[in-house]
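Okay, structure first, notes after.
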Amino acid sequence: MKVAFRTDASGRIGTGHLARCLTLADALRAGAARVRFVCRPLDRELKALVLARGHELVELPAAGAAAAPAAPQPGDGHAHHGGHAHGVPPANPTHAHWLGATEDEDAAATLAALSGDGPWDWLVVDHYALGARWETRLRACASRILAIDDLADRRHDCDALLDQNLYADMHSRYDGLVPDGCIRLLGPRHALLRPGFAAARDGLRVRGDEVRRVLVFYGGVDAANLTTRALDALDAIDADVAVDVVIGAMHPDRDALVARCARRARTTCHVQASDMAALIAAADLGIGAAGVATWERCALGLPALAVAVADNQRALLRDAARAGLVLGPDIDPTDTDALALHLRALLGNAALRAHLSRRGLEAVDALGAGRVARLMLRPEVTIRPATGADSDDLLAWRNAPEVRRFSRSDRPIEGDEHRRWMTAMLAAPDRLLLIGHGAGEPVGVVRYDVAGDSAEVSIYLAPGRAGRGLGGALLIAAERWLAAHRPEVATVVAEVLADNVVSQRLFTGCGFEQLACRYRKRIRP
């Protein structure tokens, strides 16, 4: 499989987009995918980081330049192994200046950077200045497109959309902004965290009531130098704690911060930290920016005081705070007095810190990158309506023990009963029975019972097909078939037995929202 990434990093943009793309790229490369990054010129250290991780890199012309993109540069040991949105307005003008070119110019340059290798299986785009207009043009070289976004302020022409942040309205946030049948990967369950975070959870210590160590991190760039404000606040409350300060190599006040930390008692400055998971695991309290750092802290149960350092972080911080994942006061992040006030309160409230820690661990399991990579790597499934000729196969599959175990009725189905059911099913206009095929063999069955603009789905794999990542591929392929053939259906619902954890993960992993639990009480034998 071949996967291309289009993203940028700079002092203006920050490094978060590149960092999360690198995490996903590493997960894909572990699955034998070949990966190429296409970026505007990167800082020397960031460029070295991409190549050192074994990925190819093509640098587009610098802003305003007209030269053709350079030839791809291989990393060490790189592997050799729906419908479209209608109407494609330009991307958000607020971020257009991030691109250094028009969308059309960038599309032409990116097409050139990806030419000569045949179609790419996936193109991942993570850029606030690029939207549906650019994505539509790039379909000339990419079979499928994954857009990574967290603004929900522009339309996308993509096959899948990833927004790893938590919002109160996240399941409706992209309505009208993505094509019908687009896979929506929403919430911190899909947070793109490096493997070290999942590994660190296994040996995570239980934090006590006392705060002994504080971690300060405001992102890879911290253009406003809020790190200095945090140190000022810690000095103001005279906190008797050890402090780890993490800054990126591009920090605008790097030398002064390194010098200040060297003078400050029990304070260590880490420039371009290589093991953020270990630093978070060692801390008792975090101070820093919202954004991806929120999910890193949550994954390791680190209670934190966080502030919004950009307008697009305000809603994220508000909703994460309301969900009990972070202390996120609505303050000016440069206001040292306000920061000190809330910091003192959090230091003095062990119960609140314990609550934030527990809620964070529950919300983020640090396995998101693997989930997204598996979705991209899994085989394509084609869908066809079932016919009478499928009756015997369907009876055998339905009566397989692994299928009956999680059916509403686990008793074996008799042949005559099945044939009557099959005849009625094929004759009913609002009961749809679909069969999926992949790699030349049947994958499984999807059934929809349509009622108005809603459809209830049931799904099972053919015997022997479990454990290959085919369930999600089958469900998504069936959704696309449904969107194309029954456009009146706006909502799909599913009922899952309480002990069927596999199906619960299947539906949540494919973008379903859990709304309620069903209860049952037997009052007589």
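Based on the Stokes-Einstein relation at 4 °C and a viscosity of 1.567 mPa s, and on the Kirkwood radius from alpha carbon pairs, the range 359-458 is assigned a translational diffusion coefficient of 80 µm²/s. Rounded to the nearest 20, the size of the Cβ-charge dipole of the chain about its Cα centre is 1360 debye, with Lys and Arg at +1 and Asp and Glu at -1. Taking every protein chain into account, the 1.4 Å probe leaves GLU105 with about 110 Å² of accessible area, to the nearest ten. Shape annotation for the range 189-270: C-alpha extents along the principal axes are 36, 32, 19 Å, from largest to smallest. Put simply, the C-alpha atoms of the chain give a gyration tensor, and the ellipsoid matching it has half-axes of 44, 30, 20 Å, longest first.
Spin-label model, SER454 to ALA30: label points 7 Å out along the Cα-to-beta-carbon direction sit 3.9 nm apart.
With both residues required to sit in the chain, DSSP beta bridges show an antiparallel share near 30%.
Report the trypsin sites (Lys or Arg not before Pro) located in the range 228-329 that are in a DSSP loop and have at most 15 other Cβ atoms inside 10 Å of their Cβ, or state none. Write out the running numbers ahead of the final one.
Numbers: sites: ARG229, ARG254, ARG260, ARG263, ARG264, ARG266, ARG297, ARG314, ARG318, ARG322; in loops: ARG264, ARG266.
Qualifying residues, ordered by number: ARG264, ARG266.
For the range 364-471, trypsin sites (Lys or Arg not before Pro) meeting the loop criterion (DSSP other than H, G, I, E, B) and having at most 11 other Cβ atoms within 10 Å: ARG405, ARG408. When the Cα positions of PRO442, GLY368, ALA386 are compared along the charge dipole of the range 364-464, GLY368 comes out farthest toward the positive end, with charges on each C-beta of Lys, Arg, Asp and Glu. Please find the FRET efficiency linking ALA223 to ASN500, where r is the Cβ-Cβ separation and R0 is fixed at 45 Å, and quote it to the nearest 0.05. About 0.40, to the nearest 0.05.
Can you give the accessible area per residue of the chain, in Å², using a 1.4 Å probe? Show your work: numbers first, answer last.
Details: 23470 Å² over 525 residues.
It amounts to 45 Å² per residue over the chain.
Taking all protein chains in place and a 1.4 Å probe, what share, in percent, of the accessible surface of the chain do carbon and sulfur account for? Carbon with sulfur: 52 percent of the solvent-accessible area. The Cβ shell under 10 Å around ALA369 holds other residues with a net charge of +3, Lys and Arg each +1, Asp and Glu each -1. Ranking of ILE237, ILE523 by solvent-accessible surface, largest first: ILE523, ILE237 (1.4 Å probe, protein heavy atoms only, all chains present). Using only helices, what value at 222 nm comes out for the chain when you add -39,500 (n - 2.57) per DSSP H run of length 4 or more and divide by the total residues, to the nearest 500 deg cm²/dmol? Using -39500 (n - 2.57) per qualifying helix, the result is -10000 deg cm²/dmol. When the distances between all Cα atoms of the range 478-523 are binned every 5 Å from zero, what whole-number percent does each bin get? For the range 478-523, the pair-distance distribution reads 5, 16, 24, 20, 15, 12, 5, 3, 1, 0. Heavy-atom accessible area with a 1.4 Å probe sorts LEU166, LEU356, largest first, into LEU166, LEU356.
Determine, at each q value in 0.12, 0.14, 0.20, 0.22 (inverse angstroms), the log₁₀ of I(q)/I(0) that the Debye formula gives when each Cα of the range 183-326 is one equal point scatterer. Scattering profile of the range 183-326, log10 relative to I(0): -0.48, -0.66, -1.36, -1.58. With q set to 0.09, 0.18, 0.20, 0.21 Å⁻¹, the log10 of I(q)/I(0) for the range 289-424, from the Debye formula over equal scatterers at the Cα positions, is -0.54, -0.99, -1.14, -1.20.
Once the chain from ARG139 to TYR519 is taken as fully extended at 0.36 nm per residue, the excess over their C-alpha distance is 132.1 nm.
The values are calculated or read from the model by the stated rules, or taken from the named source; none is laboratory data. Here the structure is a predicted model, which means the values were calculated and not measured. Neighbour counts are summed over all protein chains in view; Cβ atoms, including those assigned to glycine, are modelled from backbone coordinates with ideal geometry. The accessibility values were calculated without ligands, DNA or RNA, using every heavy atom of the protein model including side chains. Shrake-Rupley method; radii C 1.70, N 1.55, O 1.52, S 1.80 Å.
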